[in-house]
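Structure record follows, encoded as structure tokens.
The values are calculated or read from the model by the stated rules, or taken from the named source; none is laboratory data. Everything numeric here is computed off the predicted structure, so don't read it as measured data. Here the Cβ positions follow ideal geometry from the backbone for every residue, glycine too, while neighbour counts run over all protein chains shown. Surface accessibility is based on the protein's heavy atoms, side chains included, excluding ligands, DNA and RNA. Shrake-Rupley method; radii C 1.70, N 1.55, O 1.52, S 1.80 Å.
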Amino acid sequence: MFFLARRELWFARSRFGLMGGVVALIAVLMVMLSGLSSGLVEDGVSGLKAMPVDDFAFAAGTKTDSAFSRSVVDMRQVQAWKSRPDVADAAPFGNALVNAHSSRGVAIDLALFGVEPGSYLAPAVAQGERMGSADGIVVSKTALDAGLHIGDTVTVDRLGTTMKVVGATGDKQTFGHVDVAYVPLHLWQSIHAGAEPGEPVRPEAYQEASAVAIRAQAGQSVDLAAGDAAAGTSAMAIKASFDASPGYSAEMSTMTLIKVFLYAISALVVGAFFTVWTIQRRPELAVLRAVGAPTGYLLRDGVMQALIVLVVSTGAGVLVGVAGASLISGMPFALETGPVALGAALLVVLGLLGAAAAIVRIARVDPLTALGGNR
């Protein structure tokens, strides 16, 4: 079966090898783009993904792309969500990006997550102690890699507010490409109010947060519309809130557009190759038609050629890309099996569609060509 396809692949191996090399390079690029996309997601919202939260409720009318930085909710709204029958727990959540430096002179940017130390949002630690003291913070593991140490004092630039690093998470937690630091909500509220140490803070500041972090009852989903009506908020699922991370939406849109063009180019390149290849084979195909070869057999044979080239070349490209990923450093990059496998499958399927569009020319080959009927 597929005798003709195998023979042509062997005798025209230089041409098919060249085509396969192009497909393999496209597959390598696909792996790199998949790793970069996953890396950007992890670097942008891994802090949010690590939280045991199902939904966030922001101030009513807050735009998604600026929700965490512009939204302000109060404790009354937190309580309104907490009293909902489909909500297992709700807690105030503060968010702010700050520049800071440690007592060792290390300059670092931090995404402050203001949480109540006794709430379900308080993070587990892999090093040091959990949140408890009024100025104790728990930082992302990557903040330690950046130069912070357990026991360091961190000073917020311009305000002069000091915090002590008491613990660190066991994994990477970032927000907007900045390391996360979990801060007691009361301390976050004074920082968010812009108060320097010793300055009075307006009383209402201690009733504010950026959002309400909501956890649904086990096996249920929260009725966000009803909750918004009761609390006067604008709620969204946690995945939708990723767009509120700085630059997340623009980065993902850019990467998606690049991938779309990559897949389109793959289909066009493969289709163009098999168009030229079919044109060059017209006399041979006409002879086969003249001696009784069914059109369906020739079509299946051509599709099998394309499938073999695409599968082998894509597989080789993926292997090279995965091996080369270990050499990448200094940028957000994370390979995940799912996106890479999906990308490889799309390359094969779209390339096969492009090839199939070219191979249908076989059906229009006139057998009389082999008998001199065109003369």
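What the table below lists for this structure:
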quantity: Phi to ³J(HN,Hα) by Karplus 6.51 cos²θ - 1.76 cosθ + 1.60 over the stretch 298-315, Hz, x for Gly, Pro; calculated: 5, 5, 4, 5, x, 5, 5, 4, 4, 5, 4, 4, 5, 5, 5, 5, 5, x
quantity: Among 67-75, 207-215, 147-155, 192-200, the order from most to least packed when residues are scored by Cβ within 10 Å on average; calculated: 207-215, 67-75, 147-155, 192-200
quantity: Two-site label geometry, THR295 and LYS82: point separation in nm, points 7 Å out along Cα→Cβ; calculated: 7.4
quantity: Shape call, the stretch 100-182: gyration tensor on alpha carbons, a/c limit 1.5; calculated: rounded
quantity: D (Stokes-Einstein, µm²/s), Kirkwood Cα radius, the stretch 1-157, 1.567 mPa s at 4 °C; calculated: 64
quantity: Listed values (1) 1.06; (2) 1.41; (3) 1.00, entry calculated as Cα Rg over 2.2 N^0.38 Å; calculated: (2)
quantity: 15 Å Cα-Cα reach of LYS259 towards aspartates and glutamates, excluding residues that sit fewer than 8 places from it in its own chain; calculated: GLU251
quantity: Packing-based ranking, highest mean first, of 231-244, 279-292, 44-57 given that Cβ atoms within 10 Å are counted; calculated: 44-57, 231-244, 279-292
quantity: Additional length obtainable on full extension of the chain from ALA226 to TYR206, 0.36 nm per residue less Cα span; calculated: 4.5 nm
quantity: Estimated distance in nm for a label pair at ASP65 and LEU97, the labels positioned 7 Å out from Cα along Cα-to-Cβ; calculated: 1.4
quantity: Antiparallel DSSP beta bridges within the chain, percent to nearest 5; calculated: 80
quantity: Accessible surface, the stretch 43-192, averaged per residue in Å² (probe 1.4 Å); calculated: 39
quantity: Net charge, VAL106 excluded, C-beta distance under 13 Å - Lys, Arg +1, Asp, Glu -1; calculated: -4
quantity: Ordering of 217-227, 130-140, 263-273, 26-36 by burial proxy (mean other Cβ atoms within 10 Å per residue, highest first); calculated: 26-36, 130-140, 263-273, 217-227
quantity: Fully extended contour minus Cα-Cα distance, from ALA316 to ARG104, at 0.36 nm per residue; calculated: 71.5 nm
quantity: Efficiency of FRET from Cβ geometry, PHE261 and ALA146, R₀ 51 Å, rounded to 0.05; calculated: 0.90
quantity: Two-site label geometry, ASP135 and SER119: point separation in nm, points 7 Å out along Cα→Cβ; calculated: 2.3
quantity: Mean shadow area of the stretch 31-81 over all directions, Cα convex hull, nm²; calculated: 4.8
quantity: Environment charge at ALA237 (Cβ cut-off 15 Å; Lys +1, Arg +1, Asp -1, Glu -1); calculated: -3
quantity: Cα gyration tensor, the stretch 121-169 - rounded (a/c under 1.5), prolate or oblate; calculated: oblate
quantity: Residue-span extension gain [ALA126 to ARG158] - 0.36 nm each, minus C-alpha spacing; calculated: 8.4 nm
